[in-house]
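Student: Please see the structure below; I have some questions.
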Amino acid sequence: VQLQAFGGGLVQPGDSLRISCAATVRTFSLYTVAWFRQPPGRERELLAAVYVSAASAYYADSVKGRFTISRDNAKKTVYLQMNSLKPEDTGVYYCAAKFRGESSYNHWGQGTQVTVSS
């Protein structure tokens, strides 16, 4: 499976931004897809994940209530809607996927830069 993240950019604190992750796999609906963030000089962290059923999602405490992950299986795309952005949200955002039954995220996109600065 190939993933491509896009939609990043430079925004001001308090702004909103939606980034997308497009997949090129026939069985996209069978993959759990997640968004990770890597701030400058720090390790990559898991922010949110949407499961196969799309009925539930996981959010890290740092983004809970501000970010929303969603998926459109017909478009083979996962979105991350980010509201009330803060400077500490700055980083490279990666999408990753794991097939049903896999224990880790084995498929990664190239990342998109999000910079929150006034």
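The values are calculated or read from the model by the stated rules, or taken from the named source; none is laboratory data. Source: prediction; values computed, not measured. Every residue, glycine among them, receives a Cβ derived from its backbone with ideal geometry; neighbour counts consider all protein chains shown. The accessibility values were calculated without ligands, DNA or RNA, using every heavy atom of the protein model including side chains. Shrake-Rupley method; radii C 1.70, N 1.55, O 1.52, S 1.80 Å.
Student: Would you please name the residue that is farthest from residue 109 (Cα to Cα), looking only at residues in region 45-83 that are open to solvent by less than 50 Å² (accessible area, probe 1.4 Å) and touching a residue at least 60 places away in the same chain (Cβ under 8 Å)?
Tutor: 82
Student: Assuming residue 88 fulfils every condition listed in (1) open to solvent by 60 Å² or more (accessible area, probe 1.4 Å); (2) free of Cβ contacts under 8 Å to residues at least 12 places away in the same chain apart from one, which condition is it?
Tutor: (2)
Student: Scan region 32-43 and give yes if some residue there is open to solvent by 20 Å² or more (accessible area, probe 1.4 Å), touching an Asp or Glu at 6+ places or on another chain (Cβ under 7 Å) and not charged (D, E, K, R), otherwise no. Outline the logic, then answer.
Tutor: Going residue by residue through region 32-43, those that are open to solvent by 20 Å² or more (accessible area, probe 1.4 Å) are 36, 38, 40-43.
The next check asks that each one be touching an Asp or Glu at 6+ places or on another chain (Cβ under 7 Å); those that pass are 36.
Then keep just the ones that are not charged (D, E, K, R); that gives 36.
Within region 32-43, one or more residues are open to solvent by 20 Å² or more (accessible area, probe 1.4 Å), touching an Asp or Glu at 6+ places or on another chain (Cβ under 7 Å) and not charged (D, E, K, R).
Student: Just to be sure I understand, how many residues within region 1-26 are open to solvent by 40 Å² or more (accessible area, probe 1.4 Å) and either hydroxyl-bearing (Ser, Thr, Tyr) or part of a strand (DSSP E or B) (or both)?
Tutor: Taking region 1-26 as the starting set, the residues that turn out to be open to solvent by 40 Å² or more (accessible area, probe 1.4 Å) are 1-2, 4, 6, 10, 12-16, 18, 24, 26.
Okay, now just the ones that are also either hydroxyl-bearing (Ser, Thr, Tyr) or part of a strand (DSSP E or B) (or both), so 4, 6, 10, 16, 18, 24.
Total satisfying the criteria: 6.
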